[in-house]
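See structure below.
The values are calculated or read from the model by the stated rules, or taken from the named source; none is laboratory data. Predicted model, so just to flag it, every value in this text is computed and none were measured. Reconstructed Cβ throughout: ideal geometry from the backbone, glycine too, with neighbour counts over all protein chains shown. Only protein heavy atoms, including side chains, enter the accessible area calculation; ligands, DNA and RNA are left aside. Shrake-Rupley method; radii C 1.70, N 1.55, O 1.52, S 1.80 Å.
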Amino acid sequence: MATMTMIQALNSAMDVMMERDPTVLVFGEDAGYFGGVFRATDGLQRKYGASRCFDAPIAEGGIVATAIGMGANGLRPVVEIQFVDYIYPAYDQLVSEAARLRYRSGGEFWAPITVRSPYGGGIMGGQTHSQSPEAIFTHVPGLKTVIPSNPYDAKGLLISAIEDDDPVIFLEPKRIYNGPFDGHHDRPLQPWQKHPASEVPEGHYTVPLGVAAIRRPGKTVTVLAYGTMVHVALAAVEESGIDAEVIDLRSLVPLDLETIVTSVSKTGRCVIVHEAPQTSGFAGELMALIQQHCFYHLEAPIERVTGWDTPYPHAFEWDYFISPARVIAALRRAVEAV
C-alpha cells in the first residue's frame with residue numbers, strides 16, 4: 001500500500017471521485033492551473049480538463065454561491081477556500097442558502113457541495129492565515145463540519161463528504177499537511193511516511209461521517225481532540241505517563257456522542273483540546289453534552305485547553321499554540337481533583 005502525505009491523500013480523494021462521477025468538479029482560487037496554494041488540486045486540471053477543474057475569481061461569496069447553484073442542478077462541486085480566514089464573505093451563502101436549501105424547498109432542491117479549506121495555526125501565518133472558526137459552522141443547522149487528523153482519514157472522510165447530499169465544511173489542519181506535529185516546534189518535523197496512518201489505499205474507500213476514533217485506549221481520563229490537536233494530545237499523554245484515553249472526534253457535526261459518553265462514563269474525567277479560542281468554542285458544547293449525559297459518573301471538573309481569546313499572533317505564535325505542557329497541566333488537574 002502506498003504512503004501519502006495528507007495533501008496527497010486529499011488530492012487522491014478528489015481524483016478518485018472525479019474519475020468515478022462525472023458530476024464532480026473542483027474549483028477555487030488558484031485551484032486549477034496552479035493546483036492550489038498547498039498543491040491539493042495539483043494535476044486535476046491536466047487530467048480532467050478546465051471545464052471540471054478551474055480557477056475562480058477572488059470572490060469567496062461568488063465561489064460558494066456558484067457551487068450552490070451547481071449542486072441544486074445536479075452537479076457535485078468541491079470548492080477550495082484558499083485559507084479559512086477568507087471564508088467570511090461566503091458565510092451568508094453557507095448559512096442563508098446552502099444550509100437551508102433542502103428545508104426551504106421542502107426537499108425539492110438540496111446542495112451537495114463540499115467546501116474544503118486549510119485552517120489552524122502553526123505555520124507562522126499570523127492573524128489572517130491561522131484561524132480556527134469551526135464553531136461558527138457547527139452552530140448552523142444543515143451544515144456538517146469535518147476535520148481529519150491523518151492522511152488515511154483525510155481521504156476517506158473527503159470521499160464521504162463529496163458523496164454526501166448535504167453541504168459539508170471540510171477543514172484541513174494545514175500544520176499537519178506534510179507530517180504529524182506533536183506541539184514541539186523546536187524539534188525536526190517527522191514525515192508522514194513514518195506514521196501508520198500514512199498508508200492510504202489508491203482507490204475508493206470511505207471513512208463515515210459521525211464516527212470518532214479512539215487513538216489511544218486508557219482508563220484514567222478521557223481526552224477529546226481533533227485535527228492537529230490529536231497529535232499534541234497524544235504527545236502530552238505519553239510525556240505525562242497518565243493512562244489517558246485519547247479520542248479523535250473526526251467530525252464535529254455529526255458528532256459521535258456515544259463514543260464520548262462511553263469513554264467519560266468509564267474514566268470519570270475529561271480534558272478537551274482545541275486550537276480555537278475558548279469563549280463560545282466547540283469545547284463549551286462538548287462540556288454541556290458531557291454534563292448532561294455523564295453527570296453521575298464525573299469525578300472531577302471538565303478541563304478545556306484552547307487557544308487564547310485574542311487575535312492569532314504572529315510574533316508570539318508558540319505562546320498561543322497549544323503545547324503538550326499545557327495539556328499535561330490540565331491532565332494533572334483532572335486526575336488530582338477529588
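How many residues are over 16 Å from Thr222 (Cα atoms), of a type in the set (A, V, I, L, M) and surrounded by 16 or more Cβ atoms within 10 Å (Cβ to Cβ) when one looks only at the range 313-338?
1
For the range 26-46, name all the residues that are open to solvent by less than 60 Å² (accessible area, probe 1.4 Å) and assigned to a helix (DSSP H, G or I).
Hits for the range 26-46 are Leu44, Gln45.
Select from the range 75-109 the residues that are under 19 Å from the mean Cα position of the chain (by Cα), farther than 27 Å from Asn11 by Cβ and part of a loop (DSSP other than H, G, I, E, B) and list them in ascending order.
Answer for the range 75-109, where residues must be under 19 Å from the mean Cα position of the chain (by Cα), farther than 27 Å from Asn11 by Cβ and part of a loop (DSSP other than H, G, I, E, B): just Ala99.
Residues are listed down the side, and each one gets a yes or a no for (1) in a loop (DSSP other than H, G, I, E, B); (2) under 20 Å from Leu158 (Cβ atoms):
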site	(1), (2)
Glu202	yes, yes
Thr206	yes, yes
Arg215	no, yes
Val232	no, no
Ala235	no, no
Ile247	no, no
Leu255	yes, yes
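For Arg102, are the conditions met, namely being under 20 Å from Gly36 (Cβ atoms), in contact (Cβ under 8 Å) with a residue 24 or more places away in the chain, of a type outside the set (Ser, Thr, Tyr) and open to solvent by 10 Å² or more (accessible area, probe 1.4 Å)? So that I can check it myself, show each step before the final result.
Working: under 20 Å from Gly36 (Cβ atoms): no; in contact (Cβ under 8 Å) with a residue 24 or more places away in the chain: yes; of a type outside the set (Ser, Thr, Tyr): yes; open to solvent by 10 Å² or more (accessible area, probe 1.4 Å): yes.
In short, no.
From Thr5, Thr23, grab the single residue that is surrounded by fewer than 19 Cβ atoms within 10 Å (Cβ to Cβ) and of a type in the set (Val, Ile, Thr).
Just a single option satisfies the conditions, and that option is Thr23.
Within the range 290-312, restricting attention to residues that are charged (D, E, K, R) and part of a strand (DSSP E or B), which residue is most open to solvent (accessible area, probe 1.4 Å)? I'd like the intermediate steps shown before the answer.
Going through the range 290-312, the residues charged (D, E, K, R) turn out to be 299, 303-304, 309.
Adding the requirement that they be part of a strand (DSSP E or B) leaves 303-304.
Numbers: Glu303: 34, Arg304: 81 Å².
Residue satisfying both the conditions and the ranking: Arg304.
Residue by residue, here is whether (1) buried (at least 21 other Cβ atoms within 10 Å of the Cβ); (2) modelled with pLDDT of 95 or more; (3) under 24 Å from Arg175 (Cα atoms) holds:
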| residue | (1), (2), (3) |
| --- | --- |
| Gly49 | no, yes, no |
| Thr66 | no, yes, no |
| Arg76 | yes, yes, no |
| Phe83 | no, yes, yes |
| Val95 | no, yes, no |
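Just to check your reading of the model, which residue among Gly183, Gly142, Gly156 is out of contact with any strand residue (DSSP E or B) (no Cβ under 8 Å at 6 or more places or on another chain), in contact (Cβ under 8 Å) with a residue 24 or more places away in the chain and closer than 20 Å to Met17 by Cα?
Gly156
Looking only at the range 110-129, filter to residues that are surrounded by fewer than 20 Cβ atoms within 10 Å (Cβ to Cβ) and either out of contact with any Lys or Arg (no Cβ under 7 Å at 6 or more places or on another chain) or at pLDDT 95 or above (or both); which one of those is nearest to Val140 (Cα to Cα)?
Trp110
Of the residues Pro301, Pro324, only one is in contact with a His (Cβ under 8 Å, 6 or more places away or on another chain) and at negative phi; which? It would help to see each step written out before you state the result.
On the way: Pro301 fails: in contact with a His (Cβ under 8 Å, 6 or more places away or on another chain).
From the options Pro301, Pro324, the qualifying one is Pro324.
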